[in-house]
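See below for the structure under consideration.
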Amino acid sequence: MPTSISENSRADAAKAFIVKEARAAGFDDAAVADLTAFGDAPGGRLADMVGAGEHGEMAWLKDTADRRKHPQALWPEVRSVVMLAQNYGPEDNPLDDLAHTDRGVVSVYARGRDYHDVMKGRMKTLAQRLVSRFGGDVKVFVDTAPVMEKPLAAAAGLGWQGKHTNLVSRHYGSWLFLGALFTTLELEPDPAHADRCGSCRRCLDVCPTDAFPAPYRLDARRCIAYLTIEAREMIPVAFRRAMGNRIFGCDDCLAVCPWNRFAKASAEMQFAPREGPAPLQELGRLDDAAFRKRYAGTPVKRLGRERFVRNVMVAVGNAQSDDYAELISERVADEAPQVRAAAAWAARQTLDDAPLRRLADEALGRERDAMVRAEWDL
């Protein structure tokens with residue numbers, strides 16, 4: 001903490017500057033976390049998750065657990081963390097899209113330009129201005145380093161971690177992107193925000209796969225967002241029906257939060273949806289080049305065509321319509337094993353006995369992949 005009058009004045013000026021410049025740069029909120037009060041609770045929650053294996057295939061959570069415990073474990077020289085937030089609230093309730101089973105639903109956060117690119121560029125400019133004016137060193141992070149963004153945002157008073165483990169804001173509900181600006185400057189921290197979830201458990205009860213074993217605890221292995229984005233193997237059969245037409249992420253626990261009644265639709269044009277939920281017939285026929293072109297610059301692109309169309313074919317199976325017979329037949333012969341496997345599952349959900357047997361016999365006659373053959377033998 002600043003100790004002299006001049007140091008206090010300089011710290012106050014630096015904080016006022018960074019908050020003003022952050023809003024001018026397009027951020028919706030900015031505040032300073034109190035690192036002296038950043039306790040062991042966040043690290044303890046993560047340790048419990050990893051200890052129970054609930055992180056699934058996300059090995060980096062285990063590998064970087066020690067560096068996540070405190071900002072100074074990542075960068076010993078840091079003295080203050082400025083947490084920055086951008087609202088990405090949707091115009092309409094994303095749960096309404098789930099009723100249109102002939103279309104694939106992409107999570108709200110991934111419908112526009114990749115937030116990593118949008119925020120990091122602005123944060124680097126902001127950091128340069130801060131250093132130019134007040135000196136010190138800075139580092140900026142947007143969800144790509146071992147930083148506990150949500151606990152830090154709560155410590156800075158931007159909101160609190162809800163029972164769904166995401167940040168909840170009194171002004172923006174559950175729709176905030178977060179970035180962290182680490183600095184060697186000592187800035188006056190803002191007061192932390194109290195938990196205002198109360199007895200509400202809507203986010204827990206709405207989860208289609210019961211991914212919350214307890215409030216404030218997520219079992220990623222059961223989470224549709226994890227299954228459709230992070231999981232590199234086939235999605236477990238037990239969760240496929242619950243996916244419905246969600247093909248990239250899931251917004252259910254965010255969308256039902258009562259604090260969203262205070263949320264505002266994002267004014268950031270770069271986060272505006274490029275398209276609405278698209279027809280499964282169209283998405284299921286994307287080749288690699290078409291997939292890359294369609295989702296260039298969005299978070300969806302990092303998934304890759306194979307896992308994306310895998311998810312689409314699960315949605316096709318859940319639609320259970322004869323309209324998809326031709327698409328299923330095409331994807332059963334796809335070059336990508338997970339697409340062939342998901343198409344086999346879709347065929348079993350959709351086709352009558354005779355067409356199913358003919359398609360299975362044809363596919364199994366050329367299939368050498370044990371994973372794909374297992375789908376036909378379910």
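The values are calculated or read from the model by the stated rules, or taken from the named source; none is laboratory data. These numbers were taken from a predicted model, which means no experiment stands behind them. Methodologically, a virtual Cβ is constructed for each residue, glycine included, from the backbone with ideal geometry; neighbour enumeration extends over all protein chains shown.
Assess whether residue 272 counts as being over 22 Å from the mean Cα position of the chain (by Cα) and of a type in the set (A, V, I, L, M, F, W, C).
no
Could you please find all residues in the stretch 270-287 being part of a helix (DSSP H, G or I) and either of a type in the set (Gly, Ala, Ser) or touching a residue at least 24 places away in the same chain (Cβ under 8 Å) (or both)?
Of everything in the stretch 270-287, those that are part of a helix (DSSP H, G or I) and either of a type in the set (Gly, Ala, Ser) or touching a residue at least 24 places away in the same chain (Cβ under 8 Å) (or both) turn out to be 270, 271, 280, 281, 283.
Among the candidates 335, 326, 362, 367, which residue alone is within 19 Å of residue 290 (Cα to Cα), among the charged types (D, E, K, R) and surrounded by fewer than 24 Cβ atoms within 10 Å (Cβ to Cβ)?
Selected residue: 335, the only one of 335, 326, 362, 367 that is within 19 Å of residue 290 (Cα to Cα), among the charged types (D, E, K, R) and surrounded by fewer than 24 Cβ atoms within 10 Å (Cβ to Cβ).
Among the residues of the stretch 338-359, what is the count of those that are surrounded by 12 or more Cβ atoms within 10 Å (Cβ to Cβ), over 19 Å from residue 306 (Cα atoms) and either in the same structural domain as residue 238 (by TED's automatic domain parsing) or of a type in the set (A, V, I, L, M) (or both)?
Within the stretch 338-359, the first condition is being surrounded by 12 or more Cβ atoms within 10 Å (Cβ to Cβ), and the residues that meet it are 338-351, 355-356, 358-359.
Keeping just the survivors that are over 19 Å from residue 306 (Cα atoms) gives 348-351, 355-356, 358-359.
Those left that are additionally either in the same structural domain as residue 238 (by TED's automatic domain parsing) or of a type in the set (A, V, I, L, M) (or both): 351, 356, 359.
Residues flagged as surrounded by 12 or more Cβ atoms within 10 Å (Cβ to Cβ), over 19 Å from residue 306 (Cα atoms) and either in the same structural domain as residue 238 (by TED's automatic domain parsing) or of a type in the set (A, V, I, L, M) (or both) within the stretch 338-359 amount to 3.
Anything in the stretch 184-206 that is closer than 18 Å to residue 45 by Cβ and either within 15 Å of the chain's Cα centre (by Cα) or in contact (Cβ under 8 Å) with a residue 60 or more places away in the chain (or both)? List them, or say none.
192
Is it the case that residue 190 is at pLDDT 95 or above, among the acidic types (Asp, Glu), in a helix (DSSP H, G or I) and in the same structural domain as residue 52 (by TED's automatic domain parsing)?
Considered against the rule, which asks whether it is at pLDDT 95 or above, among the acidic types (Asp, Glu), in a helix (DSSP H, G or I) and in the same structural domain as residue 52 (by TED's automatic domain parsing), residue 190 comes out as no.
Just a yes or no: is a residue in the stretch 108-125 assigned to a loop (DSSP other than H, G, I, E, B), on the phi < 0 side of the Ramachandran plot, modelled with pLDDT of 95 or more and in contact with a strand residue (DSSP E or B) (Cβ under 7 Å, 6 or more places away or on another chain)? First the steps, then the outcome.
Here is the first cut: in the stretch 108-125, the ones assigned to a loop (DSSP other than H, G, I, E, B) are 111-114.
Subsequent filtering for residues that are on the phi < 0 side of the Ramachandran plot retains 111-114.
When the remaining residues are screened for being modelled with pLDDT of 95 or more, the result is 111-114.
Subset that is in contact with a strand residue (DSSP E or B) (Cβ under 7 Å, 6 or more places away or on another chain): none.
Taking every residue of the stretch 108-125 in turn, none turns out to be assigned to a loop (DSSP other than H, G, I, E, B), on the phi < 0 side of the Ramachandran plot, modelled with pLDDT of 95 or more and in contact with a strand residue (DSSP E or B) (Cβ under 7 Å, 6 or more places away or on another chain).
Of the residues in the stretch 96-107, how many are hydrophobic (A, V, I, L, M, F, W, C) and part of a helix (DSSP H, G or I)? Spell out the reasoning first.
To start, the set of residues in the stretch 96-107 that are hydrophobic (A, V, I, L, M, F, W, C) comprises 98-99, 105-106.
If we keep only those that are part of a helix (DSSP H, G or I) too, we end up with 98-99.
Count: 2.
Quick one: residue 9 ticks every box in (1) touching a residue at least 60 places away in the same chain (Cβ under 8 Å); (2) of a type in the set (S, T, N, Q); (3) assigned to a helix (DSSP H, G or I) except a single one, so which number is it?
Going through (1) touching a residue at least 60 places away in the same chain (Cβ under 8 Å); (2) of a type in the set (S, T, N, Q); (3) assigned to a helix (DSSP H, G or I) one by one, residue 9 breaks only (1).
Among the residues that make up the stretch 69-82, is at least one of them surrounded by 21 or more Cβ atoms within 10 Å (Cβ to Cβ), under 19 Å from residue 190 (Cα atoms), modelled with pLDDT of 90 or more and among the polar types (S, T, N, Q)?
Yes; the residues of the stretch 69-82 include at least one that is surrounded by 21 or more Cβ atoms within 10 Å (Cβ to Cβ), under 19 Å from residue 190 (Cα atoms), modelled with pLDDT of 90 or more and among the polar types (S, T, N, Q).
Only helices (runs of 4 or more DSSP H) wholly contained in the stretch 288-362 count here; list those with 3 or more residues that are within 25 Å of the chain's Cα centre (by Cα) and under 16 Å from residue 245 (Cβ atoms).
305-319
Going through 300, 312 one at a time, which residue ends up being surrounded by fewer than 24 Cβ atoms within 10 Å (Cβ to Cβ), within 19 Å of residue 281 (Cβ to Cβ) and in contact with a strand residue (DSSP E or B) (Cβ under 7 Å, 6 or more places away or on another chain)? Even if it seems obvious, please write down each step before you answer.
Numbers: 312 fails: surrounded by fewer than 24 Cβ atoms within 10 Å (Cβ to Cβ).
Result of the check over 300, 312: 300.
Does residue 342 fit the bill of being in contact with a Leu (Cβ under 8 Å, 6 or more places away or on another chain), at pLDDT 95 or above and aliphatic (A, V, I, L, M)?
no
Modelled with pLDDT under 95, in contact with a Lys or Arg (Cβ under 6 Å, 6 or more places away or on another chain) and not aromatic (Phe, Trp, Tyr), is that true of residue 275?
no
Failed condition for residue 272, given (1) buried (at least 16 other Cβ atoms within 10 Å of the Cβ); (2) under 29 Å from residue 85 (Cβ atoms), with all others met?
Failed condition: (1).
Restricted to the stretch 193-221, and to residues that are out of contact with any Phe, Trp or Tyr (no Cβ under 7 Å at 6 or more places or on another chain) and part of a helix (DSSP H, G or I), which residue is nearest to residue 37 (Cα to Cα)?
This residue is 203.
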